[in-house]
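We did not get these values from a lab; they are worked out from the coordinates using the rules stated. Worth saying up front: this structure is predicted, and the values here are computed from it rather than measured. Using ideal geometry, Cβ is built from the backbone for each residue, glycine included, and neighbour counts are taken over all protein chains shown.
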Amino acid sequence: MTSAPVEDQGPRRAILGRLPRMYRADGSPIRVLLVDDERALTNLVKMALQYEGWEIDVAHDAAEAVDKYRANTPDLLVLDIMLPDMDGLGVLARLRESGAYTPTLFLTARDSVADRVTGLTAGGDDYMTKPFSLEELVARLRGLLRRSAYLAPADDESLSVGDLTLDAASREVTRAGEPVSLTSTEFELLRLLMRNQRKALSRTDILRKVWDYDFGGRTSIVDLYVSYLRKKIDAGRDPMIHTVRGVGYMLRPAR
């Protein structure tokens, strides 16, 4: 790494301090497991997340991460990919073997497109590279919580477009009767598209409504997640997700 892992924050406390605090559905604090072998970094991130009123547990290697996850399942997992005893991809695979799902953000120095694709297709919900802004990290984690089913009882919305169905209460999606497994971000992206069937949505609108964070106007993350969703929804079938040139994306029943 050639630069400090955390960027200078300036007035981040004044900015984040205006946002309402987030809690679990039962009113208790959000629980976060932070996994990184850089102790200086974990100390800084822990302080930033504690400022949100969250409870933070820290692990510095894969074995410790697995033990702490199983002892006290967190609401969010912040996971480095480069760990001394096993990479973060392996850690996430091991945790998901039990069928448990926790919204996961990879936080790593690996910054190539291939690394991002590998992390997200391995089941990560978001991916940040070092050096990073603490303010942006907190914003992305808050967004993950909003997109997950952990903060409040699920609503009973059910959507159907052609042979595609989505049930918000159970978080289940099927196409032609076959179950489709989605991350929380993919689920909310699909729900937005289904709510607006036959309507062209701009990348900016999708970014604002799904991520609730503007990423400095960088909309490439929308294209990336649409490509993942297409592989799960449209692979081997008549496509439902369409690119609207010069605008963004639209979902409509297959012909």
Legend entry - Sorted peptide list for 183-196, 70-83, 88-101, criterion being average Cβ within 10 angstrom, highest first: 183-196, 70-83, 88-101
Legend entry - Pairs of Cα atoms farther than 21 Å apart, segment 158-251, %: 26 percent
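How would you rank 231-244, 164-177, 27-40, highest first, on the average number of other Cβ atoms within 10 Å across their residues? Could you put the intermediate results ahead of the total?
Values: 231-244: 14.2, 164-177: 15.8, 27-40: 17.7.
Per-residue mean Cβ counts within 10 Å order the peptides as 27-40, 164-177, 231-244.
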Inset, instruction - At a Cα cut-off below 28 Å, give the lysines reachable from Lys130, other chains included and same-chain residues fewer than 8 away excluded. - result: Lys46, Lys68, Lys209
Inset, instruction - State the Kirkwood hydrodynamic radius of segment 19-147 in Å, one decimal place, computed from all pairs of distinct Cα atoms. - result: 14.6 Å
